[in-house]
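The values are calculated or read from the model by the stated rules, or taken from the named source; none is laboratory data. Nothing here was measured: the structure is a model prediction, and the numbers come from that model. Here the Cβ positions follow ideal geometry from the backbone for every residue, glycine too, while neighbour counts run over all protein chains shown. All accessible areas refer to the heavy atoms of the entire protein, side chains included, with ligands and DNA or RNA removed. Shrake-Rupley method; radii C 1.70, N 1.55, O 1.52, S 1.80 Å.
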Amino acid sequence: MKDLFIDGHWVASVGAQPGRTVLNPYDASELATVAEADPADVDAAVTAARRAFDGGPWRTTCARERGELLRKLSGLLVRDREELARTESLDTGKTLAEGRTDVDDIVAVFRYYANLADADAGRVVDTGNPHAISRVVHEPVGVCALIAPWNYPLLQMSWKLAPALAAGNTTVIKPSEVTPLSTLHLVRLLEEAGLPDGVVNLVLGGGPTVGSAMVSHPGVDLVSFTGGLATGQKIMAAAALGVKRVALELGGKNPNVVFADADFDTAVDYALSAAFFHSGQVCSAGSRLIVQDTIHDAFVAELARRADAIRLGNGLDDATECGPLVSAEHRDKVERYIAQALAEGARLVAGGHRPHDPGLQNGYFLRPTVFADCDASLTVVREEVFGPVLTVERFRDENEAVQLANDTEYGLAGAVWTGDASVAQRVAGALRHGTVWINDYHPYLPQAEWGGFGKSGIGRELGPSGLDEYREAKHIYHNIRPEPMRWFAGPATGGDQ
Ligand code: NAD
């Protein structure tokens with residue numbers, strides 16, 4: 001299995017690990033078997049990236065040319081849109097429509113950073129000295145280890161890879177071992193686009209083996225990771241030993257606050273998509289609904305009715321609204337949260353079980369689940385479930401809404417629904433979350449920063465800051481007419497004092 005891409009060549013692992021089987025979560029059928037790397041492959045990949053950075057042309061290629069290569073890649077992604085969307089749907093279980101949206105967003109991200117690549121020539125700083133010139137310029141950080149999760153396999157990788165390449169870095173990339181297929185396709189497209197050897201190196205395999213070998217490798221300068229909080233903590237600790245740059249995009253427990261004056265039907269509709277889009281396996285999922293008490297009961301009733309009507313099925317089937325969870329192991333974890341919520345006193349008003357449909361028995365499905373009568377003492381309200389589980393809390397006034405919405409160790413995203421623009425602005429300003437939507441949920445833009453307050457992460461992806469993660473700032477001070485300074489005004493020559 002020549003599935004590793006190292007120094008411009010497709011190679012097999014040098015280790016003796018058996019390949020890893022990739023499953024379709026819709027029916028547990030086998031999609032592919034791919035190579036499993038071992039630390040020696042990681043070493044070869046980092047060595048190739050190091051050589052390409054230190055001696056290769058990429059970092060010194062003019063920024064406009066780097067942008068052009070990314071634009072060419074965008075064109076290839078557009079050409080292969082349908083195949084990529086299908087691969088993502090098969091690998092993750094998401095609907096084909098979601099897969100297509102992912103590819104469109106990926107294209108937009110590569111185009112955005114293609115345009116940004118040569119947009120910054122640094123800045124000139126006033127030295128206060130007519131004989132000196134001072135400039136601040138940006139340079140690539142070096143070899144970047146990019147590690148992605150399984151929920152948006154290609155999208156999350158692209159949020160890292162596009163700015164890393166635009167800035168002139170070289171990379172070793174690792175998709176989640178659960179969903180490697182679309183990233184394999186992307187690397188073939190990078191090869192087709194003419195990326196120089198060693199600039200992108202692909203390794204496949206498990207986190208504790210391959211991922212941790214990437215993080216601790218002395219040849220790596222920067223680690224960018226998207227995934228769970230516990231993994232992020234380990235990565236940050238390991239990277240600290242080498243004082244590596246670290247960017248972390250971690251989980252979320254995202255509040256969706258609905259005031260009584262919001263449009264009722266629209267708010268219910270969005271509460272469903274906020275929580276159950278991609279079966280809730282979204283870092284910014286609106287999994288914590290906080291509803292004003294005067295509309296609470298009617299809201300919960302309508303929410304439960306509509307959650308019960310969500311059509312589960314094969315992501316490739318046009319009629320499907322929601323696919324399965326990504327793996328049996330992940331569904332087990334979500335089911336444990338459901339059992340714990342019941343044990344701790346949450347009131348189940350929708351779902352809470354696997355579907356009864358005989359056609360869905362082999363896949364990792366769970367019915368969209370809604371719990372009412374929740375508060376922050378419940379584990380299911382505090383911890384990220386990362387599945388189709390929505391909890392509902394109630395609030396009386398604006399202060400209480402803000403207090404509840406900020407009562408989380410995370411801080412990735414949140415939303416507020418109201419017909420009153422001043423309430424909307426006040427609440428948006430008070431929320432301690434990296435993205436706040438007003439009367440909407442989920443949209444993000446390549447031009448706008450994405451990332452978390454609190455334990456949702458460190459650093460930002462997307463926007464100009466997303467590029468800055470991959471650049472060092474360097475101050476160059478040029479004294480055009482140097483003369484002796486005479487700070488130390490002793491004799492020009494002389495002996496000991
Ligand atoms: P995960 O932490 O289990 O794995 C993510 C990646 O890290 C995988 O490639 C995995 O192989 C690798 N990994 C695991 N252990 C490692 C280690 N010790 N060293 C190095 N690499 C290691 O996360 P997941 O289950 O794949 O993804 C779900 C999580 O990702 C959720 O918590 C979700 O909120 C988060 N997420 C966050 C964002 C965001 O933008 N903030 C986006 C998507 C997903």
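The Rg/Rh ratio of the range 383-468, with Rg taken over Cα atoms and Rh as the Kirkwood radius over Cα pairs, comes to 0.98.
One quarter of the convex hull surface, Cα atoms only: what value does that give for the chain in nm²? Before the final figure, lay out each step's value.
Numbers: hull surface 119.4 nm².
Taking the Cα atoms of the chain, their convex hull projects to 29.9 nm² on average.
Under Stokes-Einstein, with the Kirkwood radius over Cα pairs standing in for Rh, what whole-number D in µm²/s applies to the range 337-494 at 10 °C and 1.306 mPa s?
Values: Rh = 20.3 Å.
The diffusion coefficient I find is 78 µm²/s.
Could you tell me the convex hull volume per residue, in Å³, taken over the Cα atoms of the range 239-363?
Values: hull volume 22.4 nm³, N = 125.
Hull volume over Cα atoms, normalised by residue count, gives 179 Å³.
Beta-bridge orientation, the range 339-497: approximately 35 percent antiparallel, per DSSP, counting only bridges with both partners inside. Local charge for Ala63 was computed over the other residues whose Cβ lies under 9 Å away, with Lys and Arg +1 and Asp and Glu -1, and equals -1.
Protein heavy-atom surface of the chain, 1.4 angstrom probe: 52% of the accessible area is carbon and sulfur, with nucleic acids and ligands not counted. Extents of the range 1-141, taken as max minus min of Cα coordinates on every principal axis and listed largest first, are 72, 39, 22 Å.
Enter the accessible area per residue of the chain (Å², integer; probe 1.4 Å; all protein chains in place). Spell out each step's value before the answer.
Working: 20770 Å² over 497 residues.
Solvent-accessible surface per residue comes out at 42 Å².
Could you give me the percent of Cα pairs per 10 Å distance bin for the range 108-249, shortest bin first, beginning at zero and ending with the bin that holds the maximum distance? Computed distribution, short to long bins: 11, 39, 30, 13, 6, 2. When only alpha carbons are used to place a centre, the range 319-371 and the range 77-117 end up 27 Å from one another.
How big, in percent, is the set of alpha carbon pairs in the range 9-51 lying more than 14 Å apart?
Working: 528 of 903 pairs.
When all Cα pairs of the range 9-51 are counted, 58 percent exceed 14 Å.
What does the charge count around Pro446 come to, taking other residues whose C-beta lies under 12 Å from its C-beta (Lys +1, Arg +1, Asp -1, Glu -1)?
On the way: positive: Arg111; negative: Asp104, Asp105, Glu449, Glu461.
That works out to -3.
In whole Å, how far is the Cα centre of the range 11-50 from that of the range 223-302? Using only Cα atoms, the two centres lie 31 Å from each other.
Expressed as a whole percent, the proportion of Cα-Cα pairs in the range 281-419 lying more than 28 Å apart is 18%. Other residues whose C-beta falls under 11 angstrom from the C-beta of Asn169 contribute a net charge of +1, scoring Lys and Arg +1 and Asp and Glu -1. Its alpha carbons give the range 4-250 an Rg and a Dmax of 18.4, 72 Å.
In the range 156-195, one over the average inverse separation of all distinct C-alpha pairs is 10.8 Å, which is the Kirkwood hydrodynamic radius.
Membrane-span-like helices in the chain: DSSP H runs reaching 15 Å or more (Cα, own axis), mean Kyte hydropathy at least -0.5?
On the way: long enough: 39-54 (22 Å, 0.01); 63-79 (24 Å, -0.32); 81-92 (16 Å, -1.32); 96-116 (30 Å, 0.13); 153-166 (20 Å, 0.73); 181-193 (19 Å, 0.68); 229-241 (19 Å, 1.12); 264-276 (18 Å, 0.85); 293-308 (23 Å, -0.27); 328-343 (22 Å, -0.73).
Taking the DSSP H segments of the chain (at least 15 Å long, mean hydropathy at least -0.5), we get 39-54, 63-79, 96-116, 153-166, 181-193, 229-241, 264-276, 293-308.
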